[in-house]
Amino acid sequence: MKIAKALAFLLLASLVLFGFGKFFVSQLGNAQPDEVAGAILAPLPDVIVEEAGKVSTFEAAAALTSALQRQGSQPRVGIHFWSEGRELYWVADRSDPAAPVLVERAASPRGTRLETRWIGKLEMRLAWARQHGSFDVPTLPPGESRNLYH
């Protein structure tokens with residue numbers, strides 16, 4: 001009799017734990033927020049941003065080059081576009097003519113926000129990107145990335 005009660009209690013306890021576990025796992029879900037608090041994707045301040053839509057990085061480099069030509073003396077010009085499932089802002093910052101900077105702010109489909117900066121040789125990097133889809137010119141220093149969460 002004692003063994004039957006112990007087995008019944010063990011079975012009941014196992015069912016309760018299983019139920020709690022199943023409920024807990026169901027609450028986790030597969031949520032992927034559209035925006036992460038504290039790391040919302042946005043361009044640098046004081047930038048004239050043109051919308052480029054859904055384009056390849058090759059087309060985006062051409063669009064940024066055209067935007068720079070249209071904006072003339074504006075020191076910070078950028079484009080906003082989507083490519084390969086990522087949302088991106090590319091900004092050409094010419095506020096310091098001695099060291100112009102290209103900035104990429106990107107949001108991956110999983111929500112990660114990164115900023116990459118390439119310093120110097122703006123025209124050379126844009127020409128390279130129009131042909132290769134990246135600002136990383138082999139003869140120039142690579143871009144420096146940082147996670148926008150930190």
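The values are calculated or read from the model by the stated rules, or taken from the named source; none is laboratory data. What you are looking at is a predicted structure, and each value in this text was computed from that prediction instead of being measured. Quick reminder, even Gly has a Cβ in these numbers, built from the backbone with ideal geometry, and neighbours come from all protein chains shown. Areas reflect the complete protein model, heavy atoms only, side chains present, ligands, DNA and RNA absent. Shrake-Rupley method; radii C 1.70, N 1.55, O 1.52, S 1.80 Å.
Which of the residues belonging to segment 81-102 are among the basic types (Lys, Arg) and touching a Ser or Thr at 6+ places or on another chain (Cβ under 6 Å)?
Passing the criteria: only 86.
Taking only pairs six or more apart or across chains, which ones have beta-carbon atoms under 8 Å, a first residue in segment 65-76 that is more than 14 Å from residue 96 (Cβ to Cβ), and a second residue that is open to solvent by 40 Å² or more (accessible area, probe 1.4 Å) and assigned to a helix (DSSP H, G or I)?
The qualifying pairs are 65/130.
For segment 105-121, name all the residues that are more than 19 Å from residue 141 (Cα to Cα) and not in a loop (DSSP other than H, G, I, E, B).
Listed by number, the residues that qualify are 106, 107, 113.
Could you tell me how many of the residues in segment 116-133 are farther than 22 Å from residue 74 by Cα and at pLDDT 90 or above?
3
Inside segment 80-127, can you point out the residues that are in contact (Cβ under 8 Å) with a residue 40 or more places away in the chain, surrounded by 18 or more Cβ atoms within 10 Å (Cβ to Cβ) and not aliphatic (A, V, I, L, M)?
Selection gives 89, 93, 105, 113.
Residue 107 fails exactly one of the following numbered conditions: (1) at pLDDT 90 or above; (2) touching an Asp or Glu at 6+ places or on another chain (Cβ under 9 Å). What is the number of that condition?
(1)
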